[in-house]
Structure formats: structure tokens, C-alpha cells
């Protein structure tokens, strides 16, 4: 995954510095933020670097050298869009980009210019900047990035990055609906995240993340699936970033709010989606937290390097696990069975708190996961 350069241009020095630092530190070096409080600083920067995204705030709107660049970029984007639509119409297929000549594919790789606006009515956006998409200035930095990459989906209409081999997919499933499945999956993801970029994806019907983490999600799993599978979001990494949140250093896509729809997605779409995440998402490991056996479950199992199956305690949970083993035996597929790793988690006290994640990671569950993975604190 190539690094993305984001320039924060705003006369408020303290604001720009904080946002630029958060972008760099919060994204593990994959995205670099630079802050500029005067137009001359930014113009000097452009002599050696070409930013992928420019957030243009107050103090820069009146500089014709900068607004001229933004206006030219937007005009070229509009022209490319028109050329692409005309080429598609001539090809007789509006929905398929594969028929469009390469020189009509648009502005992939050019700078995306966005207007960073406080929205308090005190700042009036000049006409020269009103052509730019607007990002609200005073909101959490993570929200600014999600808005930014949402615009990137519309702006970047070039080819996907080539598929990259070696990306690992790990599944977690509990036939008896073990209450510790999600804590185990998140702790596993956080532990793996110490060496790899990890994306956590929940296919559970009622994950409860919104109330647990007190978040109001604008996009969730089904939105990201739609964008990736329909090609509306041409770049899979941008599709993920436009929705992803961070929990203890692990990126996660908010689980589906409309759980009934999970059973209506086809098996083919599930497998296509996971393949896109693994090959083009920019992550080293994808952790899939299964609820029900979604359509295409066996195909998804085949894509996993390992599937951790939780169960084994006495009672109905043990019977559910035995039933699952019988079902897998009937498949008569040794390769699939070889991916299954049956675990009996240690018994732990159940608590539901917003800060519980740290207790899982550094408590008994975290110790269990680190021993499972062969990770030694301080030496890995």
C-alpha cells in the first residue's frame, strides 16, 4: 500500500498541527499529514511533493496561486467525467468501465482538493472555493478522514491497485453462540495488529457495537459491501476508509445495523467481498467474526488460513459443537477440516463496559490469545 500525503492548509496553526499529527500517528505511517499555516509554506512544499489530498481552510482561500490550482483540478475532473460518460454511452454499456478507453478513465493519481470549513457562519467561503467539496472542520479527526475518503471514492475512478498475494484471512465461529466469541476475535485481532495491519469484520447479526462503544455510525458493513461489489467505490481501500473506525489499534468496519439483510446477501457476493478485502484492502490480516452460517460459509472457510471454532463447555454448547463436527465430517473435505482449530476458552467473568477491550487484551483472555499465537510480551 503506497503512502497517502494529506496537506492541511489552515491559518489556525494549532488546529492544523494537531490534525496533521493525528493523521500521521493515528494511521501507522500509511497516511502522512502535513500542516501549513501560510500559503507560501504550502507552495514551497509543492516544489518537492505532490499531495494526494489538500484540505483548504481559511487563510488560503484568497490566494489565487492556490485557488487556481484547485479550480483547474476540478475542471479537469469534470471534463474527464464527461469523457468517460460519453465513452460508456458509445460502448453501449453505461455500467461497465472495462469498455472505456484508458485515456477517458479520469483523474486517478491527481490531487483531490477539499474545502475545510468551520460552518459557524463567521467565515464566508469565496466564490473561487465554492466549487470544492466541503468537509466540516470542527469534528473528530476520524470523522474528517471518513468524509475525505468518501469523496475519494467519487474522485478516484482509475484502476484498482493490483492484487497482492500473501494476505491472510482468519475466521472465528462458535456453533453454540459463545458469548466470548467477539471478545476473543477482537483480542486476537489486537494481538496480531502488533505486527500486521489488521481489519476486523463482523458478520454477526446483532453485534451491538453502536450501544457498546457509544458510536453513531453513518456507514456499516452492508454499505461497504455495496460500494465494493458494485464498483461505485472504485478503490477498495477508499471504500473501507470511508467507514472504518479504530478500536485499540485495530481497524473495524461497523457491523450491519439491519441484520435481516445478512441472510439475503448471496454466497457469491460474500466470497467476492472477502476476496476484495484480502487482495485490495491494504491489510495484512482480515479477521472474520461469524454469527450465523452466512451464505457461502464453506467457500469462506476455504478462503481462511485458519478457522477458530469455539465451544467445548458442558451443556448445550458442547452438543452444538458436536453437531458442527458431524456436519463438517459429512463434507468429506480434508483440506477444509485441516483449517479448523477447536478451542475451549478459559472461564471468565462477564462484564459489559465501554473500556472492557483493554481488560480483555491485558487480562486472562489476552494471556490465552498470546499463548495461542506464541507471542511473548516484550520480545515479539
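The values are calculated or read from the model by the stated rules, or taken from the named source; none is laboratory data. Computed from a predicted model, the values in this text were never measured in an experiment. Glycine gets a Cβ as well: all are built from the backbone with ideal geometry, and neighbour counts include every protein chain shown.
With respect to residue 210, is the statement that it is surrounded by fewer than 22 Cβ atoms within 10 Å (Cβ to Cβ) and either touching a strand residue (DSSP E or B) at 6+ places or on another chain (Cβ under 8 Å) or without any contact (Cβ under 8 Å) to a residue 40 or more places away in the chain (or both) true?
So residue 210 does not fit the description; no.
Can you pull out the residues in region 213-227 that are touching a residue at least 24 places away in the same chain (Cβ under 8 Å) and part of a loop (DSSP other than H, G, I, E, B)?
214, 215, 217, 218, 219, 220 - these are the residues of region 213-227 that are touching a residue at least 24 places away in the same chain (Cβ under 8 Å) and part of a loop (DSSP other than H, G, I, E, B).
What is the one condition in (1) crowded, with 19+ Cβ neighbours inside 10 Å; (2) without any contact (Cβ under 8 Å) to a residue 60 or more places away in the chain that residue 230 does not satisfy?
(1)
Does region 103-119 contain at least one residue that is modelled with pLDDT under 50, under 29 Å from the mean Cα position of the chain (by Cα) and loosely packed, with under 15 Cβ neighbours inside 10 Å?
Scanning region 103-119, I find at least one residue that is modelled with pLDDT under 50, under 29 Å from the mean Cα position of the chain (by Cα) and loosely packed, with under 15 Cβ neighbours inside 10 Å, so the answer is yes.
Residue-by-condition table, conditions (1) over 24 Å from residue 323 (Cβ atoms); (2) at pLDDT 90 or above:
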{"site": "155", "(1), (2)": "yes, no"}
{"site": "164", "(1), (2)": "yes, no"}
{"site": "175", "(1), (2)": "no, yes"}
{"site": "186", "(1), (2)": "yes, yes"}
{"site": "213", "(1), (2)": "yes, no"}
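Out of region 286-302, which residues are over 17 Å from residue 342 (Cα atoms) and buried (at least 21 other Cβ atoms within 10 Å of the Cβ)?
Passing the criteria: 286, 300.
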